[in-house]
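Worksheet for the structure shown next.
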Amino acid sequence: MALLLASRAARRLRPQCWASAATVFFAPGHRKPSPIKPILSPKTLGTLFSAPIGSPGYHLLALRQTLSLASITSFSSSGNPNKEEDEDEKPWNRRSAVSNSSWIDLYLPDSLRPYALLARLDKPIGTWLLAWPCFWSITMAAQPGEYPDLKMLALFGCGAVLLRGAGCTVNDLLDRDIDVKVERTKHRPFASGLLTPYQGVGFLGVQLLLGLGILLQLNNYSQILGASSLLLVFSYPLMKRLTFWPQAYLGLTFNWGALLGWAAIKGNLDPAIVLPLYSSGVFWTLVYDTIYAHQDKEDDLKVGVKSTALRFGVLTKNWISGFGIACIGSLFVSGFNAELAWPYYLFLTSAAGQLGWQILTVDLFDHSDCNRKFVSNKWFGALVFSGILLGRLAS
């Protein structure tokens, strides 16, 4: 009796079989493949309809296809097939979002996240680029055969975090009208509305106050020299509106620690050592920040912002090759005048290779590759620091 009822139901559903299958699998706008394999294939339906009515084979096929049709009908009625699944709600996208989240999103309270993002605490490369010239200078100022002052390294490391954060705060405050028009920066706290300028000014005050606490632990000469760097920090964000060489101005700002580190140890400046060291940092910045600026060149043209990436254009690699040679040459002169031993020159050769690799292999039209090469400069800084350390210990 059950088989007879199923066969009759199948006969009544015959006209709807193809319509239901077509609705599920070929509906307009349903661009993604269905996760359900089509069960009502033409071959199977042909077998069903060609079987003699009342035969055992017919009744078995009818029952099977009735159950299959019920599962398809249930699937199609569970949602509108014309409506695409929300990408953000897909479980694999949720897992991807969690895996791509920074430690700020995972561990900090909601109230602190905008400030941490403003200080770029999730992107430590800027802190490394600011700290390495300080570490170079402090280590070079150590006595021959001795390790550098660990307290000074720690103080300048903390200072790099604070000063880099303060610089980012000033930069974002002044550039909030530009950041909203640039794809890479439109989600920054001021541009996206997470923070108000008033909150940013308050946060800047906290950062500068903590930085002052570090500066007061240095000698008087270093305090004056360190305070003078604030003029560069506050004026740098304006340079991209005035000149095609904001990267050079950033080099003057970011490498001030090459002067300050030596002064913190020695209480003075030795021009034969610190000026070539400072110059090497400026040339280094022109290399890595020009590569970095190529990420934004299309947006910069639209909003009227200047950069060396736009100034150099197709000749960028020629220019940054020259800056790279000047950087390595200045490091050689500084180490020679500081009487560093042979390990320094071995590591300097490795650092030159790393810098040359960046320049030769970077694809200036690939934003992700520009960013990878930019971030790799932390290893250049580490190689130079290792050379100075071992060269001082062996001298």
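Computed from the coordinates by the stated procedures, all read-outs in this text should not be read as laboratory data. Values in this document were obtained by computation on a predicted structure and should not be read as measured data. Don't worry about glycine lacking a Cβ; one is built from the backbone with ideal geometry, like all the others, and counts go over all protein chains shown.
A few points about this structure:
- Environment charge of Ser376, counting only residues whose C-beta is closer than 15 Å and scoring Lys/Arg +1, Asp/Glu -1: 0
- In this structure, the residue pairs whose Cα-Cα separation is over 30 Å, taken from Lys151/Lys317; Lys266/Lys317; Lys151/Lys240; Lys297/Lys378, are Lys151/Lys317; Lys266/Lys317; Lys151/Lys240.
- Relative contact order, percent, region 272-371 [alpha-carbon distance under 8 Å, six or more residues apart]: 42
- Fewest-first ranking of His294, His367, His187, using other Cβ atoms within 10 Å as the exposure measure: His187, His367, His294
- As a proxy for reagent exposure, Val170, Val233, Val314 were ordered by neighbouring Cβ count within 10 angstrom, fewest first; the result is Val314, Val233, Val170.
- Residue-count net charge about Pro144 - beta-carbon cut-off 10 Å; Lys, Arg +1, Asp, Glu -1: -1
- When both region 337-380 and region 308-322 are represented by their alpha-carbon centers, they are found 17 Å apart.
- Extension gain from Thr196 to Ala272, taking 0.36 nm per residue of separation minus the Cα-Cα distance: 22.7 nm
- Alpha-carbon radius of gyration plus Dmax, which is the widest Cα pair, for region 303-395 in Å: 15.5, 52
- Evaluated over region 206-357, the Cα radius of gyration and Dmax, each in Å: 17.3, 51
- Simple Cβ-charge dipole of region 159-229, Lys/Arg +1 and Asp/Glu -1, about Cα centre, in debye nearest 20: 100
- Taking other residues whose beta carbon is less than 11 angstrom from the beta carbon of Asp175, and scoring Lys, Arg as +1 and Asp, Glu as -1, yields +2.
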